[in-house]
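Q: Quick one: this structure, given as structure tokens, is what I'll be asking you about.
The values are calculated or read from the model by the stated rules, or taken from the named source; none is laboratory data. Please read all numbers here as calculations on a predicted model, not as lab measurements. Virtual Cβ from ideal backbone geometry, glycine too; neighbours counted across all protein chains shown.
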Amino acid sequence: MKELLEIIGIKYILLYFLIANIVGFFAMGIDKFKAQRGYWRIPEGTLIMITALGGGIGTLVGMYTFRHKTKKLKFTVGIPTILILEIVIIVFIIFDLWKLFN
């Protein structure tokens, strides 16, 4: 694990999560914009996938900022659930890395 972290670098991991959350936020805004105008929409599966790939905070913030998908159970329960699972996994990874380096 230590070797993998040295190869990838923590800054690139953090950059990945930052980009994923920015994408999640703007995906919700773009989908809301398209919904209001009757344009082609971003599929719900894509929005969930962005969340599952690390964009949970951005997607959740975008959902409530743009008031989009807030009445759909799949989103009001699903996105926070995915986000909580991601946070738990990240905490376990950080804890394992802390044990590894100390």
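Q: Could you name every one of the helices (runs of 4 or more DSSP H) located completely within the stretch 50-102 that has at least 1 residues being of a type in the set (Asp, Glu) and out of contact with any helix residue (DSSP H, G or I) (no Cβ under 8 Å at 6 or more places or on another chain)?
A: In the stretch 50-102, the matching helices (runs of 4 or more DSSP H) lie at 78-101.
Q: Then there is this: Here are some residues: 22, 8, 30, 42. Which one is under 30 Å from residue 98 (Cα atoms) and either in contact with a His (Cβ under 7 Å, 6 or more places away or on another chain) or modelled with pLDDT of 95 or more (or both)?
A: 22
Q: Mind listing whichever residues of the stretch 40-49 are out of contact with any helix residue (DSSP H, G or I) (no Cβ under 8 Å at 6 or more places or on another chain) and part of a loop (DSSP other than H, G, I, E, B)?
A: Matches in the stretch 40-49: 43 only.
Q: May I pose another question? Could you figure out which of (1) at pLDDT below 95; (2) of a type in the set (Gly, Ala, Ser); (3) buried (at least 17 other Cβ atoms within 10 Å of the Cβ) isn't true of residue 62?
A: (1)
Q: Then there is this: Can you name every residue in the stretch 46-96 that is without any contact (Cβ under 8 Å) to a residue 40 or more places away in the chain, farther than 21 Å from residue 18 by Cα and not hydrophobic (A, V, I, L, M, F, W, C)?
A: Result: 67, 70, 71, 72, 74, 76.
Q: So residue 48 fits all but one of (1) exposed (fewer than 12 other Cβ atoms within 10 Å of the Cβ); (2) among the β-branched types (Val, Ile, Thr); (3) farther than 27 Å from residue 99 by Cα; what number is the exception?
A: (1)
Q: So, in the stretch 65-78, how many residues would count as being at pLDDT 95 or above and aliphatic (A, V, I, L, M)?
A: Total satisfying the criteria: 1.
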